[in-house]
Amino acid sequence: MHRSSRLAIFHYWVAFATFLPAVLLGAWQMLMRSPLPAPLDDTAAYYASVTLHGTAMAYVVTTFFIMGFGYAVTATSLGRPIRGMAAAWIGFAVCLVGTVMAVVPILAGRASVLYTFYPPLLGSGWFYGGAFLLIGGSMVWVALMILNMAAWKRDNPGVPVPLPMFAITATAILWAWAAAGVLLELVCILLPRAFGWSDLIDAALGRTLFSVTLHAIVYFWLMPAYIAYYTLVPRAAGGRLYSDTMGRLTFIMFLVFSLPVGLHHLFMDPEHGSGFKFLQSALTFGVVLPTLLTVFSISASLEIAGRVRGGRGLLGWIPALPWEEPMVLAVGLSLVMLGLGGFGGLINMSFAMNSMIHNTSWVTAHFHLIFGGAVVIMYFAIAYEMWPRITGKPLHSRRLARAQLWLWFWGMLITTIPWHITGLMGQPRRVAAFDYSDPLMARMGPLVIISVIGGLLLLLSAILLIIILARSHFGPVERSEPFGYAIAVNPPVRVPAALNGFGLWTAIVSVLMILAYGYPIGQFFFLKQHSVPAITSLPESGRRP
Amino acid sequence: MASDPNRLNLDNVWSRIGWGTMAGLFIVFFLIGFFVLGRVQQNGPLLGSWAAFCRAVGLTANSEPASEPQPPRRTPTRIAWTPQILARVASGNEKHGAIVALTCAGCHGQHGVSSIALFPTLAGMNPEVIYKQLDDFRSNKRLWGGMNAIASVLSEQDSADVAAHFAHQPGGLLPVAGEGVPESGRSLRQHEPGVHLVFAGDPAREIPPCAACHGPDAQKLGAPPLRGQHPEYIEGQLAAFAQGMRQNDINEQMRVIAHELTPDEMHALALYYGKAVSHD
C-alpha cells in the first residue's frame with residue numbers, strides 16, 4: 001500500500017504546488033481589470049496570465065489531482081495494490097514533462113492563446129505539444145483505472161464493484177471521451193499549423209472538436225467532488241450512505257449526459273445549424289437528473305447521520321451534524337455554491353437565454369462558482385481527509401482547515417456575485433482593461449472592486465491551504481485509523497450487470513455521440529472550405545487607458 | 001466492461017430502460033429542434049418542414065441576410081476623380097472653349113466675371129470644378145433649370161474645353177496661394193466668428209476649416225476657390241446644402257458642414273470670401 005500512497009501523494013503535490021501560483025495570477029488579473037492600479041500594468045502580460053491561469057487550473061491542477069485521487073481510490077477501495085505501477089509512474093513523468101513544455105512558452109509570451117486555444121489564434125508549437133503530452137499522458141491513468149476494475153471483477157466474480165472504484169472508472173471513461181476532442185484538435189489542426197506543415201487553420205472544425213471536450217471536461221473535474229459526496233461525506237458525518245444504487249445511477253448518468261452536449265458552447269458560432277444546437281442544449285438539461293438525485297441522496301445520508309447523533313424534529317438533524325469536521329463543513333459550503341452556480345448554468349445552457357450573457361463575465365462567474373467553488377472546496381476536503389491517512393501524519397490543525405474552507409467560500413461568493421451582475425450589464429470576459437471613465441463602464445467599477453476583495457480572500461485561503469498541508473506533511477507520524485469509505489444503509493450484495501460495468505452505457509454514449517456530433521463534425525469534410533489564415537501575432541502590448 | 005454479457009441484450013430490463021430512455025429523449029428533442037422550432041421565424045410566416053430541416057442542419061438555399069425592399073441607391077454625382085477623368089479635363093482646348101463660352105456670357109458675364117449676384121463668377125475657377133458641375137447638371141445630380149438644359153447639349157469634350165477656357169480668364173476669382181501656414185492674425189486667435197471658422201473651423205461641431213479646401217491656404221480637388229465669389233451666391237449655396245436642396249457633394253461633406261452652420265455664420269463666411277473682391 002505504501003507504493004500506491006507515494007504515487008498519489010506525488011500527484012497531489014504537483015496539483016497543489018501549481019494551484020497557489022495560479023490563484024496568485026487570478027488575483028492579479030482581477031486587479032488588472034479593475035479601476036484600481038495594478039503592478040505590472042501590461043495588457044500582453046494579462047493575456048499570457050489568463051492563459052497560464054486557465055491552463056494551470058483546467059489541465060494541470062485538475063488532471064494531477066484526479067489522477068492522484070484515482071490511484072488512491074483504486075488502492076484503498078479494492079484493498080489491494082494497483083496493477084501497472086510502472087506505467088503509472090511513466091504516465092506521471094509524461095504529464096510532468098508536458099506541463100513544463102506548455103508552461104515555458106506561455107511565460108515567454110509566445111502562447112497567449114488562452115486555455116481554450118481559440119483558433120485561428122496560434123501560439124508556439126511547444127505549448128500545443130506540452131498540452132498534448134499532459135492530456136495524452138493522462139490516458140495511461142484512464143487505461144489503468146479500467147484495467148484495475150476489470151481485473152478486480154475477474155478475480156471477484158458476482159461481487160459488486162465498490163462504489164468508489166465504480167465511480168472513478170466512470171470518471172476515467174468520461175475523460176477518455178472528453179480528451180478525444182482536444183487531442184484530435186491538437187494533432188489534426190493546431191500542431192500541423194504550429195510546426196508550419198500547413199498554411200491555413202480550420203478554425204470552425206477546431207472549435208467544434210474542442211466543444212466535445214469543453215463540457216465533459218467540467219464533469220471530469222466535478223466527479224471527484226461527487227465521489228466524495230457519496231463515499232466520504234456520510235462516513236465523516238458519522239452516518240451511512242442512503243443508497244448505493246443511486247450513486248451508481250448518478251455516475252452513469254453523468255457519463256451519458258456530459259458528452260453529447262458540447263455544442264452549447266457554440267450557440268453563437270455560425271458553423272452549426274440551429275437543430276443540433278437545440279438538440280444538444282436539450283440533452284444538457286439531462287444533467288439535472290443526476291444532480292437532483294445527488295442532492296437528495298446526500299441530504300438523506302446527512303439526515304441519517306444527524307438523527308443518529310440525536311437531531312430531532314423536521315430540521316433538527318442539521319445542527320446536530322459534526323460541522324467541526326472539514327469534510328462535513330466542505331459539503332455544506334459546496335452544496336450552497338453548487339445550487340447558486342447551477343441556476344446560473346441553466347441560463348448558459350439555454351439556447352435563447354445564453355445570448356444575453358454570452359462571453360460576458362457572467363460565464364466566468366458561473367464556472368468559478370461551480371468549479372472553483374463547489375468542486376475545488378471538495379478537493380481541499382479530500383486532501384484534508386486523505387493526506388493524514390496516506391502519510392500517517394495527522395492534519396496540522398482542524399481549526400485552521402475550517403478557517404481555510406470558510407475563507408474560500410466567502411472569497412468565491414464575493415468574487416463571483418459581482419461578476420454575475422457586471423456580466424448582465426454587458427462586461428465582456430477575457431478583456432485586459434476597461435475605460436472606467438466611460439459612463440457605461442463607470443457603474444461597473446464599484447462591483448469590480450468588490451470582486452477584487454473576494455480575490456484577495458481566495459489568495460489568502462490558498463496560502464493557508466499550502467501552509468496546512470506542508471505543516472501536516474512535515475509533522476510527526478501518529479497512528480490513525482485506516483482510510484475507509486461510507487457504508488450504504490443497505491450494502492450491495494448483488495447488483496445488476498448494467499450497474500456493475502460500463503458496457504451498455506459506453507454503447508449508448510457512442511450512439512448518442514454519433515447522432516449528436518456526426519453531422520456537425522462530418523459537414524466539414526463535404527461542405528465548403530472553412531480554413532482561414534492563422535493569427536500568429538497578438539496586438540501590441542500597452543498600458544491601460 | 002467487455003465481460004458484461006447483457007450489454008446489448010434487449011431482454012435485459014436495464015438495456016431496455018437505457019436504450020428506451022435515450023431513444024425517447026433523442027426523438028423528442030430531434031423532432032422539436034428540427035421540425036418545430038426551425039419553422040418559426042421572428043417576423044415572417046412559418047417555414048415548411050423541409051426548409052425547417054435544412055435550417056436546422058445549417059444549410060439554406062438562400063444564405064444572404066434577410067433584406068427589406070431598399071429605395072434605389074442614389075449617388076451624389078457621376079464623377080469620380082479617376083486618372084481618366086483628370087486626363088480628359090486636362091485635355092480641354094481653350095480656343096474651342098472660348099466659342100462654347102459664348103453661350104455662358106449672358107449670365108456669367110464677359111470672360112466669366114459675373115456682374116449679377118445670382119450667378120457665380122467662373123473666371124479663375126479650376127477646370128475640374130467646372131467640368132464636374134457641368135456633368136452634374138447634365139445628369140440632373142444638381143438642379144438649376146437653365147443649366148440642366150444647357151449642359152444636356154454639351155458633349156464631354158465641350159465641357160472640358162469650356163472649363164479650360166474659364167480657368168485661364170483673369171480678373172475673376174483669386175488664385176489659391178497655397179501658403180500652407182496661416183499668416184499671423186489668421187489663426188485660432190481670431191475672434192471674428194466668420195474668420196475663425198475659415199481658419200480653425202469648429203472641432204466641437206466637427207466643422208473643418210473652410211480654408212483647408214477652398215483656400216486661401218490649400219486647395220482640394222473638386223473644391224472651387226471662393227475668394228472673389230459673390231457673397232450672395234456663396235450664402236445661397238450654403239443654404240441649399242444645409243436644406244438638402246443641393247446634393248452633389250461627393251462625400252456629403254458640404255451638406256454635413258452646412259447643416260451645422262447658423263444663418264449668421266453662413267452670412268459671415270460669405271462676406272469673408274466675398275470681401276476679397278473689393279480688395280482688388
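Within region A:250-260, can one find any residue that is of a type in the set (Val, Ile, Thr) and away from every other protein chain (no Cβ under 14 Å)? Yes; the residues of region A:250-260 include at least one that is of a type in the set (Val, Ile, Thr) and away from every other protein chain (no Cβ under 14 Å). Inside region A:338-369, residues that are surrounded by fewer than 24 Cβ atoms within 10 Å (Cβ to Cβ), within 18 Å of residue A:298 (Cβ to Cβ) and among the aliphatic types (A, V, I, L, M) make up a count of 1. What is the number of the single condition among (1) within 14 Å of chain B (Cβ to nearest Cβ); (2) in a loop (DSSP other than H, G, I, E, B) that residue A:238 does not meet? Only one criterion is unmet by residue A:238, namely (1). Selection of region A:206-216 for residues being out of contact with any Gly (no Cβ under 9 Å at 6 or more places or on another chain) and under 27 Å from residue A:346 (Cβ atoms) yields only A:207.
The residue that is modelled with the lowest pLDDT, among those in region B:1-20 that are more than 9 Å from every other protein chain (Cβ to nearest Cβ) and closer than 27 Å to residue A:285 by Cβ, is B:10. Selection within region A:265-285: residues that are at the interface with chain B (Cβ under 7 Å from one of its Cβ atoms) and aliphatic (A, V, I, L, M). The member of this set that is surrounded by the fewest Cβ atoms within 10 Å (Cβ to Cβ) is A:282. Screening A:308, A:295 for residues that are surrounded by fewer than 21 Cβ atoms within 10 Å (Cβ to Cβ) and either in contact with an Asp or Glu (Cβ under 7 Å, 6 or more places away or on another chain) or free of Cβ contacts under 8 Å to residues at least 60 places away in the same chain (or both) leaves exactly one candidate, A:295. Of the helices (runs of 4 or more DSSP H) that lie entirely inside region A:6-118, those containing 3 or more residues that are surrounded by fewer than 22 Cβ atoms within 10 Å (Cβ to Cβ) span A:43-55, A:85-107. Taking first residues from region A:195-222 that are under 29 Å from residue A:373 (Cβ atoms) and partners that are among the acidic types (Asp, Glu) and not in a helix (DSSP H, G or I), no Cβ contact under 6 Å between residues at least 6 apart in sequence or on separate chains turns up. Here residue B:72 fulfils each of the conditions (1) surrounded by 12 or more Cβ atoms within 10 Å (Cβ to Cβ); (2) modelled with pLDDT under 90 apart from (1).
Restricting attention to region B:21-64 and to residues that are within 11 Å of chain A (Cβ to nearest Cβ) and part of a loop (DSSP other than H, G, I, E, B), the residue that is farthest from residue A:522 (Cα to Cα) turns out to be B:40. Helices (runs of 4 or more DSSP H) fully within region A:421-540 that include at least 3 residues being without any contact (Cβ under 8 Å) to a residue 40 or more places away in the chain and within 13 Å of chain B (Cβ to nearest Cβ): A:503-522.
Where in region B:89-164 are the helices (runs of 4 or more DSSP H), entirely inside, with at least 3 residues that are surrounded by fewer than 19 Cβ atoms within 10 Å (Cβ to Cβ)?
Result: B:94-100, B:105-108, B:145-153.
Within region A:473-489, the only residue that satisfies the criterion of being out of contact with any strand residue (DSSP E or B) (no Cβ under 8 Å at 6 or more places or on another chain) and at pLDDT 90 or above is A:485. Hey, any hits in region A:149-165 for a residue that's away from chain B (no Cβ under 14 Å), of a type in the set (Phe, Trp, Tyr) and part of a helix (DSSP H, G or I)? No, every residue in region A:149-165 fails to be away from chain B (no Cβ under 14 Å), of a type in the set (Phe, Trp, Tyr) and part of a helix (DSSP H, G or I).
Tell me whether region A:58-67 contains one or more residues that are free of Cβ contacts under 8 Å to residues at least 40 places away in the same chain and within 21 Å of the chain's Cα centre (by Cα). No, because not a single residue in region A:58-67 is free of Cβ contacts under 8 Å to residues at least 40 places away in the same chain and within 21 Å of the chain's Cα centre (by Cα). Can you name the residue in region B:77-120 that is free of Cβ contacts under 8 Å to residues at least 40 places away in the same chain and among the polar types (S, T, N, Q) and, of all such residues, is nearest to residue B:254 (Cα to Cα)? Per the stated criteria, the residue is B:82.
Taking region B:246-266 as the range and being buried (at least 18 other Cβ atoms within 10 Å of the Cβ), part of a helix (DSSP H, G or I) and of a type outside the set (Lys, Arg) as the test, the residues that pass are B:254, B:257, B:258, B:265, B:266.
The values are calculated or read from the model by the stated rules, or taken from the named source; none is laboratory data. If you're wondering where the values come from, they're calculated on a predicted model, not measured in any experiment. No Cβ is skipped: glycine too gets one built from the backbone with ideal geometry, and neighbour counts run over all protein chains shown.
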